[in-house]
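Only one structure is covered here, and it is reproduced in the block below.
The values are calculated or read from the model by the stated rules, or taken from the named source; none is laboratory data. Given the structure is predicted, the values throughout are model-derived calculations rather than measurements. Every residue, glycine among them, receives a Cβ derived from its backbone with ideal geometry; neighbour counts consider all protein chains shown.
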Amino acid sequence: MDLSFSPDDLRFRDEVRSWLGDAMPAGIRAKAEVDAHFEMEEVMQWHRILYGKGWVAPHWPTKFGGPGLSATQRFILTEELELAGAPSLSPFGLSMVGPAIMQFGTPEQQQRFLPKILSGDEVWCQGYSEPGAGSDLASLRTTATDDGDAFVLNGQKTWTTYAQYADWIFCLVRTDGSVKKQAGISFVLVDMRTPGVEARPMLTIGHTPAFCDTFFENVRVPKTQVVGPLHGGWTVAKALLGHERTLIAAVGHSQRAIRRVKRIAAAHGLLDDLAWRSRIARLEIQLEALQMANYRTLAGAALGHAPGPESSILKLRGSEIFQRAFELAMDVMGPDALAWFNQPGVVSELEQSVASTYCYNRATTIYGGSSEIQKNIIAKLILGLPGA
Amino acid sequence: MDFQLSDEQKLLRDSVRTFTKQRSPVTRFRKLRDHAGVTGDGWDRGLWREMGELGWLSLPFPEAAGGFGGTLVDVGLLLEAFGAALVPEPYLASVIHAGLALLRAGSAEQHARWLAPLIDGRSSLALAHAEAGHRFDPQPRSTTATRDGAAWRVRGAKQFVAHGQHADVLVVSATDGEQTQLFALPRDHAALRIDRVQTIDGLGAASVHIDGVVDDEHRLAGGDAALALDRAHDAAAAMAVSEGLGICQAVLELTVGHLRTREQFGVAIGSFQALQHRAVEMFVEVELVRSVAVLAAVRADEENDDLRRRAVSVAKAQLATGGRFVTQQAIQLHGGIGITDEHDVGLYFKRMHALGVMFGDEEHHVRRFAASPSFAPAP
């Protein structure tokens, strides 16, 4: 048993820290210092900087342009980026469609799409949920009708995060309506500039334009843009959920959030108050426990083991703790939490984005499989409880 | 970073599991508990002796003191299995809490006198430290030791001395006005009055009154007694988490088994989503307790105070909340049968409460964590 990183890994951590010290542009650094909200252009600016360093896709294999880091180094890199408050990159290309194309795509698809995901030249969004298909994703109704060398798409996708900035969307669509619902779905890639595609942004409760409804009206998609077998889209989607599960706990994000809570509490003169201090300590203790669970998964991954039962709790508990951190930040702010976000002069710089993030973060227990869906899966697959 | 058990550790774990299964299943604890009032025993000296012969009682002691030179990770594996089977022998109280205090504070001669018989399983120890009104402070305040010629006059009262009602030797803490002293006293020493009390977990304990003259040879004279108490406390807290992990795992298995087999409305109740989600919440807490048990076992020997205390407090606080949650939910999911004394789930529930309290409860460890230098480093 050894809970410390190896000397090599510690050297790598120092390398990451020192690089971060130099590479973060002044504008991003200033925002990171007060945990301000990053705009899409800043996210993409940071994407390109990481790309230049070769670290934009730590988990990609070298043959597709990944940096060839070990599982532990990948973890360290991600954690250090989170701890530094760097902008979070869009996951849709790097963590979702990219790995799907690597696993299921043709060599032509890999050549066409992967380099531009890596460089950030093409931005992706995700077309999974529909107005009538949320947790019951397989009941989706967007249709793809066979028309010679193409499919013709009709339907509506929703919660297509940042679709208004995206060049491409990956969608689950119904290619066969005559079979069991999971068996008639395909995974297709659609150019957002294709005639008939329209993304309409809507505001989230955090007042950010993160969500969109994306409409498809007679959209022609070449058959070469189906990833994986025709009607085999459900398998592709399921495999995608298994990628990089060790990172989902986002312990670094929560650590950063707790650090911010402490800074706000200190500014309000609350950090010497035992009751407040204890509340913060309780959350930090929960986070340290989760971090140990995360380390267990990581150490297993470093040995090439499949994620164990403990990994299934990472998203479930990690998302809750992240929410609680912002809830606590709001509570520490007290009356200042009444102020809506980005109002310089009304609340301190450090507090500007808390309200918005607190509101939007209610999404973390909903997206990527809601907590209730996670629990259904754990009940069935790990505890072996009978189906309803 | 490595969470793998060595081959020796796997062997130890497997042999302890086999032992508890064959020799000390939960039914044995229940029987001893039920007869404790009649025969005066809640444990078995014969089995203790066997544990000595197996080398288990020597695990945490260095070879120089006649021990095996193992780590608290090794001990944690043993206590996890003991927890799952509710083994009533006083490993935590005797070997870890009292034993490690005696190891640190005692001289080589005193080790030979009091540790060697413990290691062989010929005797058992208890640490009499807790005083009324002082909650979880490991250091003595109201028990005093004053010089009386070449000897000491020791006076005070100790409460909830785990295994104190049975131990052959009691290690008693007292303050001489300047520093902490520890005295190792045979149970029939004239200065001691030992009264049995019943405890929530059914193991019982002792109220100990000390009033009399104690020869200096009983004073532990090999090291800093205050430090020895602190470190023994941290080690015992860490090992309580391992024992609690065993309980968590056992009640989760019991509960999932019940959900699979118990039928209502014509189906297994485990098919109901409300109950499934409650069981999953239990599972989450068990995995977190498992994670912090490793953290505490590895760090409880750490010399860096901040690192050690932080880890132990994280683990003990997590056990207190998580272990309580898991055992409470286990009762809820068992329904009415869970409230009966005849069902094992209540035995686990009560032992878990004791483990949550001993060596510092959640509040104590949250406060200690919040007071640590690393909690709020200077900007």
Exactly one of A:125, A:171 is of a type outside the set (A, V, I, L, M), in contact (Cβ under 8 Å) with a residue 60 or more places away in the chain and crowded, with 17+ Cβ neighbours inside 10 Å, and that one is A:125
Of the listed residues (A:300, A:233, A:252, A:308), the one being touching a residue at least 60 places away in the same chain (Cβ under 8 Å), surrounded by fewer than 23 Cβ atoms within 10 Å (Cβ to Cβ) and of a type outside the set (A, V, I, L, M, F, W, C) is A:252
The number of residues in segment B:256-281 that are at the interface with chain A (Cβ under 9 Å from one of its Cβ atoms), among the β-branched types (Val, Ile, Thr) and touching a strand residue (DSSP E or B) at 6+ places or on another chain (Cβ under 9 Å) is 0
The one condition residue A:288 fails out of (1) surrounded by fewer than 20 Cβ atoms within 10 Å (Cβ to Cβ); (2) within 7 Å of chain B (Cβ to nearest Cβ); (3) more than 22 Å from residue A:239 (Cα to Cα); (4) not basic (Lys, Arg) is (1)
By residue number, the members of segment A:292-310 that are within 9 Å of chain B (Cβ to nearest Cβ), part of a helix (DSSP H, G or I) and either over 15 Å from residue B:322 (Cβ atoms) or acidic (Asp, Glu) (or both) are A:294, A:295, A:296, A:298, A:299, A:300, A:302, A:309, A:310
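Of the residues in segment B:259-280, how many are out of contact with any Lys or Arg (no Cβ under 8 Å at 6 or more places or on another chain) and crowded, with 17+ Cβ neighbours inside 10 Å?
6
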Picking from B:80, B:63, the residue that is in contact with a helix residue (DSSP H, G or I) (Cβ under 6 Å, 6 or more places away or on another chain) and either touching a residue at least 12 places away in the same chain (Cβ under 8 Å) or under 25 Å from residue B:302 (Cβ atoms) (or both) would be B:80
Among the residues of segment A:46-63, the number that are surrounded by fewer than 22 Cβ atoms within 10 Å (Cβ to Cβ), in contact (Cβ under 8 Å) with a residue 60 or more places away in the chain and part of a loop (DSSP other than H, G, I, E, B) is 1
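With the requirement that a residue be charged (D, E, K, R) and either within 14 Å of another protein chain (Cβ to nearest Cβ) or outside any helix (DSSP H, G or I) (or both), what does segment A:331-381 give you?
If we filter segment A:331-381 for residues that are charged (D, E, K, R), which is where we start, we get A:331, A:336, A:349, A:351, A:362, A:372, A:375, A:380.
The answer is A:372, A:375, A:380.
Here's the yes/no breakdown for (1) touching a strand residue (DSSP E or B) at 6+ places or on another chain (Cβ under 6 Å); (2) of a type in the set (Lys, Arg); (3) in a strand (DSSP E or B):
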| site | (1), (2), (3) |
| --- | --- |
| A:144 | yes, no, yes |
| A:151 | yes, no, yes |
| A:164 | yes, no, no |
| A:176 | no, no, no |
| A:189 | yes, no, yes |
| A:195 | no, no, no |
| A:199 | yes, no, yes |
From the option list B:323, B:356, single residue qualifying as modelled with pLDDT of 95 or more, closer than 21 Å to residue A:292 by Cβ, more than 13 Å from chain A (Cβ to nearest Cβ) and crowded, with 21+ Cβ neighbours inside 10 Å is B:356
Residue pairs qualifying under the 7 Å Cβ cut-off, at least six apart or on distinct chains, with the first in segment B:282-301 being within 7 Å of another protein chain (Cβ to nearest Cβ) and the second being assigned to a loop (DSSP other than H, G, I, E, B), are B:283/A:383; B:294/A:1; B:294/B:3; B:295/A:3; B:298/A:1; B:298/A:3
Of (1) under 15 Å from the mean Cα position of the chain (by Cα); (2) without any contact (Cβ under 8 Å) to a residue 40 or more places away in the chain, residue B:92 fails just (2)
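Being polar (S, T, N, Q), under 15 Å from the mean Cα position of the chain (by Cα) and either part of a loop (DSSP other than H, G, I, E, B) or in the same structural domain as residue A:156 (by TED's automatic domain parsing) (or both) is the filter here; which residues of segment A:75-125 pass it?
Step one: of segment A:75-125, the residues polar (S, T, N, Q) are A:78, A:88, A:90, A:95, A:103, A:106, A:109-111, A:119.
Cutting the leftovers down to under 15 Å from the mean Cα position of the chain (by Cα) gives us A:78, A:88, A:90, A:95.
The answer is A:88, A:90.
Of B:5, B:77, which residue is part of a loop (DSSP other than H, G, I, E, B) and either acidic (Asp, Glu) or within 14 Å of another protein chain (Cβ to nearest Cβ) (or both)? Give the steps one after another, and end with the answer.
Numbers: B:77 fails: part of a loop (DSSP other than H, G, I, E, B).
After ruling out the rest, the residue left standing is B:5.
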The residue from A:319, A:311, A:254 that alone is under 17 Å from residue A:78 (Cβ atoms), more than 16 Å from the chain's Cα centre (by Cα), among the polar types (S, T, N, Q) and not assigned by TED's automatic domain parsing to the domain that holds residue A:69 is A:311
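Mind telling me which of the residues B:197, B:208, B:213 ends up being under 30 Å from residue B:346 (Cβ atoms), of a type in the set (A, V, I, L, M, F, W, C) and surrounded by fewer than 16 Cβ atoms within 10 Å (Cβ to Cβ)? Talk me through it step by step, then tell me what you get.
Details: B:208 fails: surrounded by fewer than 16 Cβ atoms within 10 Å (Cβ to Cβ); B:213 fails: under 30 Å from residue B:346 (Cβ atoms).
Only one candidate qualifies: B:197.
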The lone condition residue B:151 fails out of (1) touching an Asp or Glu at 6+ places or on another chain (Cβ under 9 Å); (2) closer than 27 Å to residue B:44 by Cα; (3) of a type in the set (A, V, I, L, M) is (2)
Subset of segment A:267-277, residues within 9 Å of chain B (Cβ to nearest Cβ) and surrounded by 15 or more Cβ atoms within 10 Å (Cβ to Cβ), comes to A:271, A:277
> Residues in segment A:193-213: is at least one at pLDDT 95 or above, within 24 Å of residue A:39 (Cα to Cα), among the small types (Gly, Ala, Ser) and not assigned by TED's automatic domain parsing to the domain that holds residue A:43?
Replying inline: yes
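Counting only residues that are part of a loop (DSSP other than H, G, I, E, B) and of a type in the set (S, T, N, Q), which one in segment B:154-181 is nearest to residue B:192 (Cα to Cα)?
Taking segment B:154-181 first, the residues part of a loop (DSSP other than H, G, I, E, B) are B:163-168, B:176-179.
Subsequent filtering for residues that are of a type in the set (S, T, N, Q) retains B:165, B:179.
On the way: B:165: 12, B:179: 22 Å.
Residue satisfying both the conditions and the ranking: B:165.
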On the basis of being crowded, with 22+ Cβ neighbours inside 10 Å and either under 23 Å from residue B:176 (Cα atoms) or in contact with a helix residue (DSSP H, G or I) (Cβ under 6 Å, 6 or more places away or on another chain) (or both), does residue B:128 make the cut?
yes
Q.
Among the residues of segment B:20-36, are any assigned to a loop (DSSP other than H, G, I, E, B) and surrounded by 15 or more Cβ atoms within 10 Å (Cβ to Cβ)?
A. yes
